[in-house]
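The values are calculated or read from the model by the stated rules, or taken from the named source; none is laboratory data. On a predicted model such as this, the values are computed, not experimentally measured, just so you know. All Cβ positions, even for glycine, are placed from backbone atoms using ideal geometry, and neighbour counts span all protein chains on display.
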């Protein structure tokens, strides 16, 4: 999702804003802080409504796919391979998807991509209902889904700004996350019931049909009300141009690096939750669905809180990332089923906060003409790292147990947040100031000049 004014250089430290709030340009974040303000826009309402339906189907299919692979193979590593294949195309071709999103009409691209995603879901349904399904079929369709997502993801994110404009952008980014997490409350529960009652194939069938809703929403939009952005002309060097643009801006590159580490090693929940449900707590698909629903409760709460916030502070990003990792380690060590289940709620909340804060801060600091390429790089790093991390995490989980695998992911999140936060402090000419006097903030980030003057 991309909108907001351009940022030709990293903002200088401001004495009145020592948190590096990069959301201080134009009105991108100064619009209404009402939780649902962007739904006033008719085109976005259509987009949002269609997304609820397709996202619910997507979550049903995700849960069903993970459990199907585990049932066919008995291996957490196989679940990791499936996840890796679905996100491998983003790693290999993600930047090309951003070039396509910047070059062609986004609404038209989304019509094609949503139809293709629906066809993949229907193909998996036919194979499963006919009794012909094999694990290599799941691998192949997961890879095809990933190929479509290479174009669909940056296009869908960049299209949000065309629907709502800069004033409602941050709110729309947060509501998209709330939409996705609301579907996550329903999809896993429905999938668990369907798998137990009638089999996996019906969940896949409903997912394929669910894509009719966003297609209808796109067709009903009033194109005259879209906020048009200048499309990038066909030309050489556009990938290199996007990479150079990001490389010269610390406010873009370091949040992207952080979400890369977290997405690669700390977001492998299909592997961990299937392993905890099956091997630690000796439960079935219903428990796996319940775990995902509990995470969705926290994620939805995090998304709605993000929708009310008017800015995206980097301090919040790094603090949320560190707390996210700490909660994962705590859950990994939890001795009881119900404590583990309860901890999934704040884990979902912190994970969503990391994602929304990084996403919106990167978008708001990006020039409109570069949004597709910048967001494709963001998604390539965040999602595309999964093919590298998922097999490693799956092997670690199979070899040393679910608790060790989960705790290792949390440790990576903490180390990445601390290390990259310190790098940004140094790059921005800042220092950490500790003040133990009563009634004052005990820990602040301040410009070096102020600290020197005080000395």
So is residue 404 under 21 Å from the mean Cα position of the chain (by Cα), surrounded by fewer than 18 Cβ atoms within 10 Å (Cβ to Cβ) and modelled with pLDDT of 90 or more or not? no
- Taking the stated definitions as given, is residue 80 modelled with pLDDT of 85 or more and within 22 Å of residue 379 (Cβ to Cβ)? no
Residues in segment 134-176 that are buried (at least 20 other Cβ atoms within 10 Å of the Cβ), in contact (Cβ under 8 Å) with a residue 60 or more places away in the chain and more than 30 Å from residue 40 (Cα to Cα) total 3
The condition from (1) assigned to a helix (DSSP H, G or I); (2) within 30 Å of residue 418 (Cβ to Cβ) that residue 267 misses is numbered (1)
Looking across segment 212-260 at residues that are loosely packed, with under 11 Cβ neighbours inside 10 Å and outside any helix (DSSP H, G or I), the single one that is modelled with the highest pLDDT is 222
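Provide a single number: the residues in segment 180-211 that are in a loop (DSSP other than H, G, I, E, B) and surrounded by fewer than 17 Cβ atoms within 10 Å (Cβ to Cβ).
We begin by selecting, within segment 180-211, every residue in a loop (DSSP other than H, G, I, E, B); these are 198-199, 211.
Those left that are additionally surrounded by fewer than 17 Cβ atoms within 10 Å (Cβ to Cβ): 198-199.
The number of residues fulfilling the criteria is 2.
Given the structure, is residue 436 farther than 25 Å from residue 256 by Cβ and at pLDDT below 85? So that I can check it myself, show each step before the final result.
On the way: farther than 25 Å from residue 256 by Cβ: yes; at pLDDT below 85: yes.
For residue 436, the condition - farther than 25 Å from residue 256 by Cβ and at pLDDT below 85 - is met.
Quick one: is residue 301 surrounded by fewer than 22 Cβ atoms within 10 Å (Cβ to Cβ), within 17 Å of the chain's Cα centre (by Cα) and in a helix (DSSP H, G or I)? I'd like the intermediate steps shown before the answer.
Values: surrounded by fewer than 22 Cβ atoms within 10 Å (Cβ to Cβ): yes; within 17 Å of the chain's Cα centre (by Cα): yes; in a helix (DSSP H, G or I): yes.
Taking the combined requirement at face value, the residue satisfies it.
On the basis of being part of a loop (DSSP other than H, G, I, E, B) and under 29 Å from residue 290 (Cβ atoms), does residue 35 make the cut?
Working: part of a loop (DSSP other than H, G, I, E, B): yes; under 29 Å from residue 290 (Cβ atoms): yes.
Criteria met by residue 35.
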Per the filter on segment 363-375, residues in a helix (DSSP H, G or I) and over 13 Å from the mean Cα position of the chain (by Cα) are 363, 364, 368, 369, 370, 371, 372, 373, 374
Margin query: Taking the criterion of being surrounded by fewer than 22 Cβ atoms within 10 Å (Cβ to Cβ), without any contact (Cβ under 8 Å) to a residue 24 or more places away in the chain and farther than 25 Å from residue 388 by Cβ, would at least one residue in segment 113-122 satisfy it?
Written below: no
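Could you check, for segment 324-340, whether at least one of its residues is touching a helix residue (DSSP H, G or I) at 6+ places or on another chain (Cβ under 7 Å), closer than 29 Å to residue 39 by Cβ, at pLDDT 85 or above and surrounded by fewer than 24 Cβ atoms within 10 Å (Cβ to Cβ)? Write out each step before concluding.
At the first step, the residues of segment 324-340 found to be touching a helix residue (DSSP H, G or I) at 6+ places or on another chain (Cβ under 7 Å) are 324-334, 340.
Then keep just the ones that are closer than 29 Å to residue 39 by Cβ; that gives 324.
Of the ones still in play, those that are also at pLDDT 85 or above are 324.
Now narrow it down to the ones that are surrounded by fewer than 24 Cβ atoms within 10 Å (Cβ to Cβ): none.
There is no residue in segment 324-340 that is touching a helix residue (DSSP H, G or I) at 6+ places or on another chain (Cβ under 7 Å), closer than 29 Å to residue 39 by Cβ, at pLDDT 85 or above and surrounded by fewer than 24 Cβ atoms within 10 Å (Cβ to Cβ).
Matching residues to (1) within 17 Å of the chain's Cα centre (by Cα); (2) more than 21 Å from residue 260 (Cα to Cα); (3) not in a helix (DSSP H, G or I):
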{"position": "349", "(1), (2), (3)": "yes, no, no"}
{"position": "352", "(1), (2), (3)": "yes, no, no"}
{"position": "356", "(1), (2), (3)": "yes, no, no"}
{"position": "359", "(1), (2), (3)": "yes, no, no"}
{"position": "377", "(1), (2), (3)": "yes, no, no"}
{"position": "396", "(1), (2), (3)": "no, no, no"}
{"position": "399", "(1), (2), (3)": "no, yes, no"}
{"position": "411", "(1), (2), (3)": "no, no, no"}
{"position": "420", "(1), (2), (3)": "no, no, no"}
